[in-house]
Amino acid sequence: MIRSVVLGVGSSLPRRVMKNTDLEGVVETSDEWIIQRTGIRQRYIAADDETTASLGEAAARAALASAGLTADDIDLIVLATSTPNNTFPATAVEIQERLGMRHGFAFDMQAVCSGFVYAVTTADLYIRGGLAKRVLVIGSETFSRILDWKDRSTCVLFGDGAGAVVLEAAEGEGTVADRGVLAQSLRSDGSHKEKLYVDGGPSTTGTVGHLRMEGREVFKHAVGMITDVIEETFSQAGITADDLDWFVPHQANKRIIDASAKKLGIAEQKVVVTVDLHGNTSAASVPLALSVAVGDGRIKKGDLVLLEAMGGGFTWGAVLIRW
Ligand code: ACO
């Protein structure tokens, strides 16, 4: 059977680091409050010349280099983002052009913080369906552009950045020992849309709008939703938490990550945490974390890696990959 195997991973961050202490001059907050409630110590904020397309392009180039490929080898680009450069065309098409790619096709996916998990699943289906042999999956965001910098309950939580992976079709035996994407579970429930949304859009206000979140409400649902899709993924693959080598969750809040890992029985040393460095970068958070853990030698070929995310909508999902 055909499997979608990860060939390379890359990332890109804006030049400017914003520490918690820098935010103390922007809103009434403190380094101590932010660390204690979220685990975030710093985030990166894009300058005017750094966009979702430019960060996504840089992450894509890094992923291609680590795979030993060029854009000529790619058939499809799937970009997960909620902060596109323009309402249209898709920012994926702009990245395609920036990479000098004139063949194949490219499109954006919008599932907010779950975007990368949705995009990997979509890419896997294109590969297994025979429509693409190699896919560049990118998560790129400039959430700083949609934050209300007067709202301390949201502006301290998010940051900008991009991460990418290259997936390639490879023959597998159809067992959990195969390399590649092994199982996935996606969910959404629009009845929660008022808990986390942007209060603008082309068809309603005609403006970009700002992120609004009932943080406590999101928190309340997060752990249960995350653990549901992960258990579903485990049961599809016939594995348990003990079989995992690495858990790479969406990086929104250290307390949500810790509570999910604890509920699932995933040992602390198997959890990749980068929320302290990047804040919540929405669809970029999982590939950024992957890039860090592959770069420092933690995630190695053959390791069993679980990705998970939950975000606005609500949307949520999990993907199991043998690296
Ligand atoms: N600095 C100081 N105090 C603050 C700040 C701040 N930045 N923000 C809020 N406070 C205050 C509040 O005003 C409140 O004060 P009060 O008690 O006097 O009213 C107090 O701190 C507690 O506020 P809560 O909102 O109850 O704090 P909580 O412990 O719930 O933490 C947080 C807030 C960090 C937002 C948490 O609820 C959370 O992480 N929620 C989930 C976010 C998330 O995971 N989102 C998912 C994905 S995001 C996406 O999809 C785009």
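So the values come out like this:
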item: Per residue solvent-accessible surface (Å²) - the chain, probe of 1.4 Å; result: 41 Å²
item: By average C-beta atoms within 10 angstrom, highest first, the peptides 282-292, 266-276; result: 282-292, 266-276
item: Stretchable slack from residue 88 to residue 204, in nm (0.36 nm times residue separation minus alpha-carbon distance); result: 40.2 nm
item: Accessible surface of region 259-315, 1.4 Å probe, proportion on carbon and sulfur as whole %; result: 54 percent
item: Listed residues 239, 116, 5: farthest to the positive end of the dipole of the chain (Cβ charges); result: 239
item: Within the chain, helix-based [θ] at 222 nm, where runs of 4 or more DSSP H residues each add -39,500 (n - 2.57), nearest 500; result: -9500 deg cm²/dmol
item: Three semi-axes of the equivalent ellipsoid, region 180-322, Cα gyration tensor, whole Å, largest first; result: 28, 17, 14
item: Two-site FRET efficiency, residue 28 against residue 2, from Cβ-Cβ distance with R₀ of 41 Å, rounded to 0.05; result: 0.15
item: Translational D in µm²/s for region 35-101 (Stokes-Einstein at 25 °C, 0.890 mPa s, Kirkwood Rh from C-alpha pairs); result: 181 µm²/s
item: Normalised per residue, the volume of the convex hull around the Cα set of region 2-171 (Å³); result: 114 Å³
item: Antiparallel %, DSSP beta bridges [both residues in the chain], to 5; result: 70 percent
item: Label zone at residue 152 (point 7 Å along Cα-to-Cβ), backbone N below 20 Å, region 1-37; result: 18-37
item: Enclosed volume per residue, in Å³, of the convex hull spanned by Cα atoms of the chain; result: 123 Å³
item: Candidates per chymotrypsin sites (Phe, Trp or Tyr not before Pro) in region 131-186, loop by DSSP, up to 13 other Cβ within 10 Å; result: 149
item: Loop-located trypsin sites (Lys or Arg not before Pro) in region 82-140 whose Cβ has at most 11 other Cβ within 10 Å (DSSP); result: 102
item: Cβ charges +1 (Lys, Arg) and -1 (Asp, Glu), total dipole of the chain, debye; result: 180 debye
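The values are calculated or read from the model by the stated rules, or taken from the named source; none is laboratory data. Keep in mind that what you see is a predicted model, and the values were worked out from it rather than measured. Cβ coordinates were reconstructed from backbone atoms using ideal geometry, including for glycine residues, and neighbour counts include every protein chain displayed. Ligands, DNA and RNA are excluded from the accessible area calculation, which covers all protein heavy atoms including side chains. Shrake-Rupley method; radii C 1.70, N 1.55, O 1.52, S 1.80 Å.
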